[in-house]
Amino acid sequence: MDELLAQFLIEGRELLQQASEDLLALEREGHSPARLDSAFRAVHTLKGSVGLFDLAPMGKALHAAEDVLDAVRGQRVDAGSGFLDPVLACLGACEAWLDAFERHGVLPPSAVEQGRQLEAALRGCMPGAEVPGLDGPVPALPTDWAAALAATQAEAVAAAQGAGMTVTALRYLPDADCFFLGDDPLALMRGLPELVALRIEPRSPWPPAAEFSPFTCNLMLEALSTAPEEEIRRVFRFVPDQITLVELPASAIATTTVALDGAGEASARVLRVDAARIDRLLDVVGEMMVAKNALASLAARVGAIDAGLGRALADNQAAMERLAGEMHRTVIGLRMVPLSQTFRRFPRLMRETAAELGKPIDFQIHGDDVEADKAVVEGLFQPLLHLLRNAVDHGIEAAPRRAAAAKPATGQVTLRASRRGDQILVTVADDGAGLDPAALRAAALRRGLLTPTAIAALDDAAALDLVFAPGFSTASTVTALSGRGVGMDAVRTAVEDLGGRVSLSSVPGGGTTVQLVLPRATVVTTVLVIRVGEERFGIPIEAVVESLRLPVAMIQPIGGGEAFVSRDRTLPLLRLADLLGLPPRPRQGTVARLLVVRCGDQPVGIEVDGFSERMDLLLRPMSGLLSGMAGLSGSALMADGRVLLVLDVPELVG
Amino acid sequence: MTVVLEGDIIRLRGDCPVADAEALVARLQEAPGRAVDLTGAGMLHTAVVQVLLALQPQVVGPAGHPFVERWIAPLLPMRRSG
């Protein structure tokens, strides 16, 4: 993607988010000039950059939103006048437009009409035919250059504003090579209607006369005009990215000092790094950890020849191990972002959902400072959005039912996150009607998901689990929201794709809680490397109880299989070659090598052809064609560049 | 030809397109101190105006074109021929 566009999409979404948060805070906490200013700045900045792309409906709607916010700031519109709804609606639409623009490179055809409606709703907040009042509070000038320009033409500006006209400041920075492109900036300026002032300045100081080149445009043109902004934009329609327009506030020139943005804009000391670079770093660190593993066996071999040298090498290896581990944790930490990156989008969406369904909702978020891997945090958006919408749509009852149940009129929806070791726990809870296991059984029967016998056998917990079955929906009526969401089965799939799991609990009449348990990050797994024939595989060390060398004579045939006695217990023996579907080979020698592994509660012996070392590996989930293969939990790159497949023993034995 | 040298005065005649900028620079650089007469000039291309702004020659006016006279002339060291 074009770098400019990529940057615009990132910043655009951040600005929309910022404005949404500010406005929701205003609603929650009452009037705050700082919040209002922040929202205004965000919308203003976004409107400015929208002009670089073919997003005219968005630009117009944002412009109207900017006007409304500015009017509220200047107290020309009452802060309690209900301006929030249309502005938030506009921000929501812009977010959807950005998504569409990213996917398709254009806005949907409906955007023009939608934009017009948003604009009309926004303009409706403004007092009729607003003319900035001369006796109102003096608004700060939006930018310094416009203020300076206005100051040089104070009389002309005052005269125009005195006559009730709006004065717009224009700054035009033609491209350096615009002459080659056939542009004539002054001709454009000449086409500008209602020109009040024109200033032409060099962008950088003129060189000595002998070095001056006439082919490069080194000019900056500024102008004041009383024409409507649209007319000005029409003149510059072929160079929209080279102009900046600022509407001069009335009596702006009365302020002698120039107000600059910046208050409250603490410059965050943050470095924006492409996630792919972090991943590359993680790969390198992973390979380093593998290289470090080789050092341990080298130290052992050296120790056998020269004990002193071996010890020194082992000490070194231990230090390397510690440092590599720390480095790995640090890099993993770079990918850690707070859940708030996803959670912060929900308050506005929940507000929308509640309004759409006409249900008053109190939405609370707790624990959004919990951190998890970026992929987990981003991947949670869709499933959580669905769960939250479900909570409002299907969970929270309509007003009469709540009243009848003596519940408060406002429904409670809570999104909560906490950390539990290497996992994060995310719950979505509502105080709605809850799920009725009997109704779920009946619905499953109607839809023919299970046989009547199977349904009757379900306990309540298993009946609740039915909501995750594909094609299951408990809604008796289809609402506007149900149509656009995904089913609960998709929620489960999305969470499982992130390496997590979902469960649901419910109190009939008291509410529903959906619980998501997810890994915080990819972690290093210690595996034991084993050999079958010429093939090597890894087995996660936590699955291995012990490794044994057993005289072949102690293996007893039982039924169709084999068994052996270990620590006074008789354990089944399986050959890994059989489990993997490799060609059977006769036992070599008189000693069998086997691992005792846990499969559920039952230890099982797995016979292999050889053990080799333990390794710390960065386990990657299987992807692509291999992702569907049973018995594999992932793969890892080894020091020699070969890929080691890591086995999921319980699944293999299954 | 729209850039005409007459003694120490460079006269611009009619509308001056972008190509005139180079000619004007050449005339000004070969003998610093020459004046530029705009009285017979029409609309000036931005590149031509840029030459006047950068090299600051003495300019003789009033400019022949009202836009130039109204908006550009005030930015230049102008001597009015009356």
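The values are calculated or read from the model by the stated rules, or taken from the named source; none is laboratory data. All of these numbers come straight from a predicted model, not from anything done at the bench. Methodologically, a virtual Cβ is constructed for each residue, glycine included, from the backbone with ideal geometry; neighbour enumeration extends over all protein chains shown. Heads up: the accessible areas ignore ligands, DNA and RNA and are worked out on the full protein's heavy atoms, side chains in. Shrake-Rupley method; radii C 1.70, N 1.55, O 1.52, S 1.80 Å.
For the reader, a short list of remarks on this structure follows.
- Relative packing of A:49-61, A:379-391, which averages over residues the other C-beta atoms within 10 Å, highest first: A:379-391, A:49-61
- Interchain or long-range residues, amide H under 5 Å from residue A:591's placed H: A:552
- Remark: accessible surface ordering of A:353, A:166 (largest first) is A:166, A:353, probe radius 1.4 Å.
- Two-site FRET efficiency, residue A:472 against residue A:507, from Cβ-Cβ distance with R₀ of 22 Å, rounded to 0.05: 0.60
- Spin-label proximity, residue A:364 to the range A:498-523 - amide N less than 16 Å from point 7 Å beyond Cα toward beta carbon: A:511-514
- The range A:482-601, relative contact order [Cα under 8 Å, separation at least 6], %: 18
- Each part gets one Cα centre, and for the range A:489-557 versus the range B:1-42 those centres are 84 Å apart.
- Chain A: DSSP helices with Cα axial extent of at least 20 Å and average Kyte-Doolittle hydropathy no lower than -0.5: A:3-29, A:33-50, A:56-73, A:84-104, A:275-305, A:307-334
- Chain A: relative contact order as a whole-number percent, Cα under 8 Å and 6+ apart: 9
- Alpha carbon convex hull of the range A:524-653, projected area averaged over orientations, nm²: 8.5
- In the context of the full set of protein chains, the protein assembly as shown has a per residue accessible area of 50 Å² (1.4 Å probe).
- Summed residue charge, Cβ within 15 Å of residue A:230's Cβ, Lys/Arg positive, Asp/Glu negative: 0
- Chain-alone versus full-assembly comparison, the range B:32-53, residues with accessible loss of at least 20 Å² (1.4 Å probe): B:43, B:45, B:46, B:47, B:50, B:53
- Sequence ranges A:437-444, A:371-378, A:452-459, ranked by mean other-Cβ count within 10 angstrom, highest first: A:371-378, A:437-444, A:452-459
- Kirkwood hydrodynamic radius (C-alpha pairs) into Stokes-Einstein, the protein assembly as shown, 20 °C and 1.002 mPa s, D in µm²/s: 66
- Dipole in debye (nearest 20) - the range A:276-335, about Cα centre, beta carbon charges: Lys, Arg +1; Asp, Glu -1: 120
- For the range A:276-335: rounded, prolate or oblate by the Cα gyration tensor [a/c cutoff 1.5]: prolate
- Between A:595, A:633, A:610, the Cα set farthest toward the positive side of the dipole of the range A:524-653 (charges on each charged residue's Cβ, about the Cα centre) is that of A:610.
- Chain A against chain B buries an accessible area of about 1900 Å², both chains summed, 1.4 Å probe radius.
- Straight-line cross-link reach from residue A:407 at under 21 Å between alpha-carbon atoms covers these lysines, not counting any fewer than eight positions away in the same chain: A:359.
- Förster radius 41 Å - calculated FRET efficiency between residue A:423 and residue A:175, Cβ distance, rounded to 0.05: 0.15
- For residue A:397, the residues whose amide H sits under 5 Å from its own are A:433, ignoring neighbours fewer than 5 places away on the same chain, with H placed 1.01 Å from N.
- Among residues other than residue A:13 with Cβ under 10 Å from its Cβ, the summed charge is -4 (Lys and Arg +1, Asp and Glu -1).
- Charged-residue dipole, Cβ positions (Lys, Arg, Asp, Glu), chain A about Cα centre, Debye nearest 20: 2060
- Considering all different alpha carbon pairs of the range B:1-76, the Kirkwood hydrodynamic radius works out to 11.8 Å.
- Per-atom-type breakdown for the protein assembly as shown gives carbon and sulfur 55% of the accessible area (1.4 Å probe, protein chains only).
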